[in-house]
Amino acid sequence: MSEGIERLARNLWRSDSAEATERLGELLAPILEEGDVVILEGDLGAGKTQFVKGVARGLGADGEVTSPTFNLLSSHEGGRLALHHMDLYRLADEGELGEAGALDVVGIDGAALVEWGEPFADALAPERLELTIVRDDATAGIPDREPSRRIAIRGVGERGEEMARALDRLGYR
């Protein structure tokens with residue numbers, strides 16, 4: 001398994017740094033197919049954007065990945081698949097999804113990774129992968145050490161479950 005990443009149980013991983021969280025994203029990249037949707041949940045600073053950076057690197061996508069908080073949608077081409085990175089933190093209701101451009105790309109072109117998408121998950125994609133990233137309080141506050149993260153994975157629908165199983169199998173390498 002990749003350094004800094006550990007499979008703790010079925011669909012539960014531990015990452016010991018931002019770089020390791022990126023590496024887990026890289027592991028997901030070859031699993032993704034056209035139209036896949038990944039919903040990323042977690043508090044501010046939990047590592048959602050770090051995970052997306054890893055997926056982008058794994059896909060070979062162009063451009064720097066940053067959190068699209070203000071422009072809501074950032075697309076990265078040039079890789080095996082187009083990557084659409086969304087941050088829906090500022091949306092109040094499902095009616096704003098179309099205005100934000102989310103419905104123009106989700107489930108259609110490339111793969112969509114959506115931060116703060118949990119309130120809109122069913123409207124975005126009935127089949128999806130959901131990742132919940134939580135900082136581990138047990139490692140927070142240790143001098144010279146970044147807190148580890150626990151990453152829980154859940155597949156929703158047939159394709160979501162397929163992605164979750166494929167990523168989980170990687171933990172046995």
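Each value in this text was obtained by applying a stated rule to the coordinates, not by laboratory testing. These figures come from a predicted structure and were not determined experimentally. Backbone-built Cβ (ideal geometry, glycine too); neighbour counts: all protein chains shown.
I'd like the orientation of helix 48-59 relative to the chain: the angle between its Cα long axis and the longest Cα principal axis, in ° from 0 to 90, rounded to 10. The helix 48-59 is inclined about 80 degrees to the chain.
Between GLU115 and LEU40, MET86, ASP87, LEU88, the built amide H atoms are under 5 Å apart, and every one of these is 5 or more places off in sequence or on another chain.
Dimensions of the chain based on its C-alpha atoms, expressed as ranges along the principal axes with the largest first, amount to 44, 31, 29 Å. Residues of the chain were split at every exposed loop site, defined as chymotrypsin sites (Phe, Trp or Tyr not before Pro) in a DSSP loop with at most 15 other C-beta atoms within 10 angstrom, and the longest piece left, sites excluded, is 90-171. Can you tell me the 0 to 90 degree angle between the C-alpha axis of helix 157-170 and the longest principal axis of the chain, rounded to 10? So the inclination is approximately 30 degrees. Over the residues of the chain, the helix contribution to mean residue ellipticity at 222 nm works out to -8000 deg cm²/dmol, using -39500 (n - 2.57) for each DSSP H run of at least 4.
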